[in-house]
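Data block below; observations after.
Each reported figure results from applying straightforward, stated rules to the coordinates on display, with no laboratory input. Given the structure is predicted, the values throughout are model-derived calculations rather than measurements. Backbone-built Cβ (ideal geometry, glycine too); neighbour counts: all protein chains shown.
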Amino acid sequence: MDIFIQISYLIASILFIVGIKMLGRTKTARRGNIVSSIGMFIAILATVIQVEAISLIDILICVLIGSAIGLVIAFKVKMTKVPEMVALFNGFGGIASLAVALSDYWLNTQQLGLGIDTITGVSVGLSVFIGGITFTGSIIAFMKLSGKISGRAVVFKGQHLINLLLLILAVVVTTVALMNVADPTYMIILAVLALVLGVLVVIPIGGADMPVVISLLNSYSGMAACATGFVLNNNVLIVSGALVGASGIILTQIMCKAMNRSLANVLLGGFGQTSTAAGADSDGPQIVVKEVGVEEAAQIFDSVSSLIIVPGYGMAVAQAQHTIKELSELCEKNGVNVRFAIHPVAGRMPGHMNVLLAEANISYDKLIEMDEINDDFANTDLVFVVGANDVVNPAAKTNPNSPIFGMPVLNVEKARTVIVSKRSMGKGYAGIENELFGADNCLMLFGDAKQTITKLVGELKDL
């Protein structure tokens, strides 16, 4: 039986690795998700067979309850709410690791009266510490993304010093706990420190950095699971946790590069702090915009030969991806070369725009990453920006005082004409004015994106 379990874990680990590899490409991502799911099913099945602490009936009841909750969430949550749900699920992973590690520690040291070796003890400490930070940090990220608390950075004097002292204290408490395994008090104190630190490390991060935070918390949840694997001596948990942790760190680094920021810079203070200072200039000259109506916009669309569509979070909120597909197909029938420019941090999580456009069955070949398409804007007749803001703001290249200065952005201002579809003149995550909106070649098409684009499609059909 043990050989069967180990072989099952090996197969599951291989499927995890293959699945994650396939997730790296848009065309194979869906199959990669299926492959990874099969691997997880095999791992769960092998674990269920191995477990002796509770009966199979109890396990099946828990599976049914969890599956029912998952189905309800899957059907109820809108695509625009996926980022905060990902943050919440990261938190669930963190608290699960913390609970399992503490339970195993309690079982061995209190109920069975056994000691634990150094490796297991360190693994318990890491699982509790990282799991606790992941849980409360993810809850704060969820609340910021869902608007339950302000998305601005919350800072106070001595904040970083307090975080450092808590980190040092956590190391000391873990050391003392390993020297006094018979007393569970120290592990409980460590859990409390981790939960508090999780709140303190996320509240100073502004809303603009949330994509990075989600990726980082995802990595934390993987590392916590990996540490728990060492606690339980479970190979598949070690492998899967390490894969999630490593891929999360890689994705976090990609996000930081896309924003021209270091990870330390993100963790020590988000855009929310600097944008407040930038907001002091709001009494200066205001941007003067030129508004365009649906009929005039349709005439512009009808006269171009090349079109780049830039999606943003506003598109997700309006659920306009299907109407955008209809618009792009109509333009293609008129001989227009249509492509989509995807900024790495557009939306509220990595890949958010790709998922939304794929949901509308827009061809993967038309989704072009920023580095590949940025030089093409200068040779493009029309750029249609739908709900994007900071990722198309020229201030990132021209204004050294801007909080987003140095962040790579899409060169949409270089196109012959730019039409921006927005509900209002509301600011983006960074909380600053967008210089693009006042450019000579930029026209503002105000209104709900879905309704406006539907009217635009109707006008184009009439033309």
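Annotations
- Each label point was placed 7 Å from the Cα along the Cα-to-Cβ direction; for VAL176 and VAL51 their separation is 3.5 nm.
- Selection among CYS62, THR47, ILE17 by position relative to the dipole of the stretch 1-75 gives ILE17 as farthest towards the positive end (Cβ unit charges, Cα centre).
- With respect to the chain, whose longest principal axis is taken over its alpha-carbon atoms, helix 235-258 is tilted by about 30°.
- Rounded to whole numbers, the Karplus 3J(HN,Hα) couplings from phi for the stretch 99-111 are 5, 5, 5, 5, 5, 5, 4, 5, 4, 6, 8, 9, 7 Hz, using 6.51 cos²θ - 1.76 cosθ + 1.60 with θ = phi - 60°, and x at Gly and Pro.
- Angle between the chain longest axis and helix 321-333 axis [Cα atoms, degrees, rounded to 10]: 40
- Ascending count of other beta-carbon atoms within 10 Å, so fewest first, for THR452, THR47, THR28, THR228: THR28, THR47, THR452, THR228
- HN-Hα J in Hz across the stretch 362-374 - Karplus 6.51, -1.76, 1.60, θ = phi - 60°, x for Gly and Pro: 7, 4, 4, 5, 8, 8, 10, 6, 4, 4, 7, 10, 4
- Only Lys, Arg, Asp and Glu carry charge here, each on its Cβ (+1 for the first two, -1 for the last two); on that basis the stretch 77-269 has a dipole of about 780 debye about its Cα centre.
- Top positive-direction residue, dipole computed over the stretch 283-462 with Cβ charges, set ASN441, MET407, LEU382: MET407
- Footprinting exposure proxy ranking of MET255, MET444, fewest other C-beta atoms within 10 angstrom first, gives MET444, MET255.
- Between the amide H of SER306 and those of ASN337, ASP381, LEU382, distances stay under 5 Å, these residues lying 5 or more places away or on another chain, with hydrogens modeled in the peptide plane.
- The chain: C-alpha pair distances exceeding 41 Å, %: 27
- Here's the list of lysines a cross-link from LYS333 could span, going by alpha-carbon distance under 30 Å and ignoring same-chain residues fewer than 8 apart: LYS27, LYS290, LYS325, LYS366, LYS414, LYS422, LYS450, LYS455, LYS461.
- FRET efficiency for SER37 and ILE61, using Cβ-Cβ distance with R0 set to 30 Å, rounded to 0.05: 0.85
- Theoretical FRET efficiency, 1/(1+(r/R0)^6), r = Cβ-Cβ of PHE4 and THR454, R0 56 Å, to 0.05: 0.45
- Loop-located trypsin sites (Lys or Arg not before Pro) in the stretch 145-247 (DSSP state other than H, G, I, E, B) with a sparse environment of at most 13 neighbouring Cβ atoms within 10 Å: LYS148, LYS157.
- Test item: Cα-centred dipole of the stretch 308-387, Lys/Arg +1 and Asp/Glu -1 on Cβ, debye: 300
- About its Cα centre, the chain has a charge dipole of approximately 300 debye under the convention of +1 per Lys or Arg Cβ and -1 per Asp or Glu Cβ, with nothing else charged.
- When the Cα positions of ASN90, MET187, SER123 are compared along the charge dipole of the stretch 82-225, ASN90 comes out farthest toward the positive end, with charges on each C-beta of Lys, Arg, Asp and Glu.
- Among the trypsin sites (Lys or Arg not before Pro) found in the stretch 1-96, those both in a DSSP coil and sparsely packed, with 11 or fewer other Cβ atoms within 10 Å of their Cβ, are ARG25, LYS78.
- Modelled this way, with points 7 Å down the Cα-to-C-beta line, the labels at ASN399 and LYS27 are 4.1 nm from one another.
- Difference of contour (0.36 nm per residue) and Cα-Cα distance, ASP440 to GLN253: 63.7 nm
- Which of SER305, SER123 has the fewest Cβ neighbours within 10 Å, and the rest in rising order: SER305, SER123
- Label-to-label distance, ARG423 versus GLN110, with points set 7 angstrom from Cα along the beta-carbon direction: 4.8 nm.
- Rounded to the nearest Hz, the phi-derived 3J(HN,Hα) couplings of the stretch 389-403 under the Karplus curve 6.51 cos²θ - 1.76 cosθ + 1.60 (θ = phi - 60°) are 9, 4, 6, 10, 8, x, 4, 5, 10, 10, 10, x, 8, 6, x, where x marks glycine and proline.
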